[in-house]
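The values are calculated or read from the model by the stated rules, or taken from the named source; none is laboratory data. Please read all numbers here as calculations on a predicted model, not as lab measurements. When we count neighbours, we look across all protein chains shown, and the Cβ atoms used for this are built from the backbone with ideal geometry, even at glycine.
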Amino acid sequence: SGPHWKPTFSEDVCVGYFVKILDNESFPANTLICATSGDDNVGFVETKDLDRETNLKSKH
């Protein structure tokens, strides 16, 4: 039947949880990206809160 996704507050996420992140959603910097919905499996991350750079960085 596939995975069951449910809304969860960040303080309730534990090590080992899989988290589905949608377009333009914020997520913690220590999140590991395992897969993306793109054909080439590339995700783009904005890091301006960390390094003040506004360009998107591709993550393969």
Study note, to complete from the structure: Taking first residues from the stretch 1-18 that are free of Cβ contacts under 8 Å to residues at least 40 places away in the same chain and second residues anywhere that are of a type in the set (Lys, Arg) and part of a helix (DSSP H, G or I), the pairs with Cβ under 7 Å that are 6 or more apart or on different chains are none
Review point. Do the conditions hold for Ser58, that is, is it assigned to a loop (DSSP other than H, G, I, E, B), without any contact (Cβ under 8 Å) to a residue 40 or more places away in the chain and of a type outside the set (Val, Ile, Thr)?
Key: no
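Answer yes or no: is there a residue in the stretch 44-52 that is out of contact with any His (no Cβ under 8 Å at 6 or more places or on another chain), free of Cβ contacts under 8 Å to residues at least 60 places away in the same chain and polar (S, T, N, Q). Step through it out loud before you land on a result.
Initial filter on the stretch 44-52 (out of contact with any His (no Cβ under 8 Å at 6 or more places or on another chain)): 44-52.
When the remaining residues are screened for being free of Cβ contacts under 8 Å to residues at least 60 places away in the same chain, the result is 44-52.
Now drop any that are not polar (S, T, N, Q), which leaves 47.
There is at least one residue in the stretch 44-52 that is out of contact with any His (no Cβ under 8 Å at 6 or more places or on another chain), free of Cβ contacts under 8 Å to residues at least 60 places away in the same chain and polar (S, T, N, Q).
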Review point. So Leu56 clears everything in (1) among the hydrophobic types (A, V, I, L, M, F, W, C); (2) closer than 24 Å to Pro3 by Cα; (3) surrounded by 10 or more Cβ atoms within 10 Å (Cβ to Cβ); (4) over 12 Å from the mean Cα position of the chain (by Cα) except one condition, right? Which one?
Key: (2)
Exercise for review: For the stretch 27-53, name all the residues that are loosely packed, with under 10 Cβ neighbours inside 10 Å, more than 21 Å from Pro7 (Cα to Cα) and at pLDDT 85 or above.
Suggested key: Asp40
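Of the residues Phe44, Phe27, Phe9, which single one is touching a Leu at 6+ places or on another chain (Cβ under 6 Å) and aromatic (Phe, Trp, Tyr)?
None of the others qualify; the one that does is Phe44.
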